[in-house]
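> Just passing along the structure, written as structure tokens.
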Amino acid sequence: MPPAHDLLLAKAAQVACELSSAQTEALAYEISIAAAPRRILQVAGLAAPRSVVELCDLWTQYPAIDGVRLAEALRCAALAVKTVSSYEKVELIYTGPDSSSHRRTLQALLEVIVKARSQLWVVSYLIGPDIDPVLSAIRERTDAGVVVKMLLDHRHPSFEHTHVQLIAYAPAVQVLVWPDEQRLIDGGGVAALHAKCAVADRERAFVSSANLAGWAMHHNLEVGYLVTGGVTPRSLAQHFEALLSAGTLQTIR
């Protein structure tokens, strides 16, 4: 069994990966001023995730490691996460006939969602059937305090039904639309909302041909990319935020 020091360092690294840098700093401060090991149930005003509780439990078991040293371990881990996230890694993702050389679309999308710590954008033409793992992951993130914005096409026939279901299932999700008056084409017609993507914390981006539907995640021939770190996730999030600020996109609840 690894020594107590190694167990605490490993758990501190996990915590730094799951929290934002501001949350990690807030947690490190709380630990550094603690007179003795104790459970910390809130981080920066939000409920502490399981990893934080597990870190505190380990610390209680091994009180010889003082709070100042544990806090510095958290800060070092957070700096390492920030440094690594500055490098852009691009992976091909895929749905369709078996291909052992590529990541699966659903796996990549879930990775982006579950690793969101403060903000998540999800964009799709529609939400179809057999997508429960994605919706469950989104609801879990909202329950953890993550701000989730979902841009869907209100022109799709299933939108009203989908909207009602989404409100009931994940009431904290902010649903956005691209209004007709904002997408009129010169000469007549209305532009299509055709983007399918997700971006978490400006750090991870999922860009795919696949809609949020079971057939797209499991059966269709779909391709896309999972981008971790670097400029692309930040630019994608900033693009949608700018459209929202300009009124091109509108929140309907």
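Every read-out reported here was derived from the displayed coordinates using simple, explicitly stated rules and does not represent laboratory data. Because the structure is predicted, anything quoted here is derived from the model rather than measured. So basically every Cβ, Gly included, is an ideal-geometry build from the backbone, and we count neighbours across all protein chains shown.
> Quote the convex hull volume per residue of region 4-85, based on C-alpha atoms, as a whole number of Å³. All intermediate terms of the calculation are to be shown ahead of the outcome.
Numbers: hull volume 6.0 nm³, N = 82.
Measuring per residue, one finds 73 Å³ for the Cα hull of region 4-85.
> Which of these, Asp143, Asp186, Asp153, has the largest mean-square fluctuation under a Gaussian network model of the chain (Cα springs below 10 Å)?
Asp186
> Can you give the relative contact order of region 37-172 as a percent, counting alpha carbon pairs under 8 Å and 6+ residues apart? Walk me through the numbers on the way to the answer.
Numbers: 106 pairs, mean separation 24.8, N = 136.
The normalised contact order for region 37-172 reaches 18 percent.
> In Å, what is the Rg of the alpha-carbon atoms in the chain, and how long is Dmax?
20.6, 74
> Taking H as built 1.01 Å from N, whose amide H comes closer than 5 Å to the amide H of Gly128, not counting residues under 5 places away?
Leu212, Ala213, Gly214
> Now for a different question. Label point 7 Å out from Ile40 along Cα-to-Cβ: which residues of region 70-93 have amide N under 15 Å?
Those under the cut-off are 70-79.
> Would you list, by chain and number, the aspartates and glutamates whose Cα falls below 18 Å from the Cα of Lys149, excluding same-chain residues fewer than 8 positions away?
Qualifying aspartates and glutamates at Cα under 18 Å: Glu111, Asp132, Glu140, Glu160, Asp201, Glu203, Glu241.
> For the chain, give me the percentage of DSSP beta bridges that are antiparallel, rounded to the nearest 5 percent. Walk me through the intermediate numbers first.
On the way: 25 of 36 bridges.
Beta bridges within the chain, antiparallel portion: roughly 70 percent.
> For a test of the definition: using alpha carbon positions, the gyration tensor, and the 1.5 limit on a/c, classify region 193-253 as rounded, prolate or oblate.
Working: a/c = 2.70, a/b = 1.34, b/c = 2.01.
Here region 193-253 falls in the oblate category.
> Given the options Thr60, Thr232, Thr24, which has the most mean-square fluctuation in a GNM of the chain, springs set between C-alpha atoms less than 10 angstrom apart?
Of Thr60, Thr232, Thr24, the most mobile in the Gaussian network model is Thr60.
> For region 110-123, just list the computed ³J(HN,Hα) in residue order, Karplus coefficients 6.51, -1.76 and 1.60, θ = phi - 60°, integers in Hz, with x standing in for Gly and Pro.
5, 4, 5, 5, 5, 8, 5, 10, 9, 9, 9, 9, 10, 10
> In a Gaussian network model over the chain where Cα atoms closer than 10 Å are linked, find which of Val114, Val53, Val146 has the largest mean-square fluctuation.
So, out of Val114, Val53, Val146, the one fluctuating most is Val53.
> Using Cβ contacts closer than 10 Å as the measure, can you line up Tyr94, Tyr29 from fewest to most? Intermediate values should be presented prior to the final figure.
Values: Tyr94 20, Tyr29 15.
Ranking Tyr94, Tyr29 by Cβ neighbours within 10 Å, fewest first, gives Tyr29, Tyr94.
> Give the shape of region 76-172 as rounded, prolate or oblate, defined through the alpha-carbon gyration tensor: a ≥ b ≥ c are the square roots of its eigenvalues, a/c under 1.5 means rounded, and otherwise the shape is prolate if a/b is larger than b/c and oblate if not. Walk me through the intermediate numbers first.
Numbers: a/c = 2.37, a/b = 1.32, b/c = 1.80.
Oblate.
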